[in-house]
Amino acid sequence: MAEILVLAEHSGETVKKVTGELLTLARRFGEPAAVWFGPGAEAGRERLAEFGAVRVYVADGDDLDDYVVAPKAEVLAALVAAKSPAAVLMAATPEGKEVAGRLAVSHGSGVITDAVGLAFHGDGTGLVAEQSIFGGAIIVQSRVRTGTPIVAVRPNSATPEPAPGPAELEPVAVELTDAAKAAHITERVVQERGERPELTEAAIVVSGGRGVGGAENFALIEKLADSVGAAVGASRAATDAGWYPHQFQVGQTGKTVSPQLYLAVGISGAIQHRAGMQTSKTIMVINKDPEAPIFDLADFGVVGDLFTVVPQLTEEIEKRAGT
Ligand SMILES: Cc1cc2nc3c(=O)[nH]c(=O)nc-3n(C[C@H](O)[C@H](O)[C@H](O)COP(=O)(O)OP(=O)(O)OC[C@H]3O[C@@H](n4cnc5c(N)ncnc54)[C@H](O)[C@@H]3O)c2cc1C
């Protein structure tokens, strides 16, 4: 069975959830092999094994971590040449997409980004990726016809399903060209993070919009989010007003999220906001205007004042959770 290479997303020793999703997808189409960059592969191995990685190509070296994405694309290109995998999968994060683009160019292969699903083509001639475009208004099915399919898949596009694999570690020789070393990392600043999950990876996202009415009221949104272990998002109206930091903006010019549950509170549902959340599996809306366009997307909707509904909802969730 042909290998499917999966670029492992990790933070040192912790394997990110999206990697389990990619390995789960890869298992459907071939033999999943993870590619690990930098130190920590020993520690991450167990998690990769849990999701069926047959082997883990480990590219580590003194200088590999000192440069931005080019070395990853270069090492992956060498692996693709050596192993002839049936496809390469990576997360559709900014870094993943850049690696995908560089790899495609260096290999003369086709690339698909922001896939939200993968399937076998009916005639058995390869992978078909599903993309959601024009703000989620249209679903496109695309196929790579040239070279090795390189597909960047959005986090939360698949449910990670455990299926044990040996995850044998296999070191990969790293010899970087001068071109790959052109952009050098001079300093790293660790982003301060609270307890909440990362926005683009979270299974549940609770977002607040202009209806929240002020920065201080975002405490309501945060409390609701914390009651269900969710990430907090915001519409651009809320971030532009300075009520919530821009890094949490969801939409065309913000983050794209695709959680199991997206809860939109006091958000009207402008096309630019929908572009960032429309592929969420279940959408719940709280809005006082029954005509708000966001209700067109909603699986569940509450027409009501958020200042009444959100505290009641949070209280009920906390009561049921026994907190
Ligand atoms: C180029 C471009 C890029 C953009 N990119 C983005 C983007 O990435 N993300 C994004 O979000 N927007 C983006 N926008 C802005 C977008 O067009 C909308 O202006 C924005 O999404 C509106 O935010 P909102 O829904 O929070 O506010 P509004 O449209 O003002 O809606 C507020 C909603 O809150 C409801 N409400 C008010 N009070 C209450 C209450 N007490 N209880 C319950 N409901 C209440 C109202 O009924 C209303 O539906 C972009 C615009 C442009 C032009």
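The values are calculated or read from the model by the stated rules, or taken from the named source; none is laboratory data. If you're wondering where the values come from, they're calculated on a predicted model, not measured in any experiment. Positions of Cβ are generated from backbone atoms using ideal geometry, with glycine treated the same way; all protein chains shown enter the neighbour counts. SASA here: full protein model, heavy atoms, side chains in, ligands and nucleic acids out. Shrake-Rupley method; radii C 1.70, N 1.55, O 1.52, S 1.80 Å.
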* Structure fact -> Carbon/sulfur accessible area of region 77-163, % of total, 1.4 Å probe, equals 54 percent
* Structure fact -> Row for region 79-129, column shape: gyration tensor on C-alpha, a ≥ b ≥ c, rounded if a/c < 1.5 i.e. under 1.5, prolate if a/b over b/c, else oblate; value oblate
* Label region 20-127 by shape, choosing from rounded, prolate and oblate, from the square roots a ≥ b ≥ c of the eigenvalues of the Cα gyration tensor; if a/c is under 1.5 it is rounded, and otherwise prolate applies when a/b is larger than b/c, oblate when it is not. => oblate
* Structure fact -> If amide H atoms are modeled at 1.01 Å from N in the peptide plane, then the residues at a separation of 5 or more from I283, or on another chain, having amide H under 5 Å from its own are Y262, D299, F300
* Which sequence of K16, K288 reflects their accessible areas, 1.4 Å probe, from the largest down? -> K288, K16
* Asked: With every protein chain present, what accessible area does H121 have (1.4 Å probe, heavy atoms only), rounded to the nearest 10 Å²?
  -> 60 Å²
* Rg/Rg_ref, region 186-323, where Rg_ref = 2.2 N^0.38 Å and atoms are Cα -> 1.00
* To do: Note down the nm distance, to one decimal, between modelled labels 7 Å out along Cα→Cβ at K281 and at L169.
  => 3.3 nm
* **Cleavage-rule hits, GluC sites (Glu not before Pro), region 158-265, DSSP coil, Cβ neighbours within 10 Å at most 13** => E175, E187, E192, E195
* the chain: relative contact order as a whole-number percent, Cα under 8 Å and 6+ apart -> 15 percent
* Starting from the Cα of A241, step 7 Å toward the Cβ, then list every residue of region 202-221 with an amide N under 17 Å from that point. => 207-221
* Within a Gaussian network of the chain (alpha carbon springs, distance under 10 Å), most fluctuating of V205, V54, V303 -> V303
* Provide T314, T256 ordered by accessible surface of protein heavy atoms (probe 1.4 Å), highest first. => T256, T314
* Asked: Using the alpha carbon gyration tensor of region 75-183, what are the three equivalent-ellipsoid semi-axes (square root of 5 times each eigenvalue), largest first, in whole Å?
  -> 25, 18, 15
* Structure fact -> Taking R0 as 51 Å and r as the Cβ-Cβ distance between E216 and K181, the FRET efficiency 1/(1 + (r/R0)^6), rounded to the nearest 0.05, comes to 0.60
* Could you please put D63, D178 in sequence from largest to smallest accessible area, using a 1.4 Å probe? => D178, D63
* Asked: Could you give the nm distance between label points at F120 and E192, where each point is 7 Å from its Cα heading toward the beta carbon?
  -> 5.2 nm
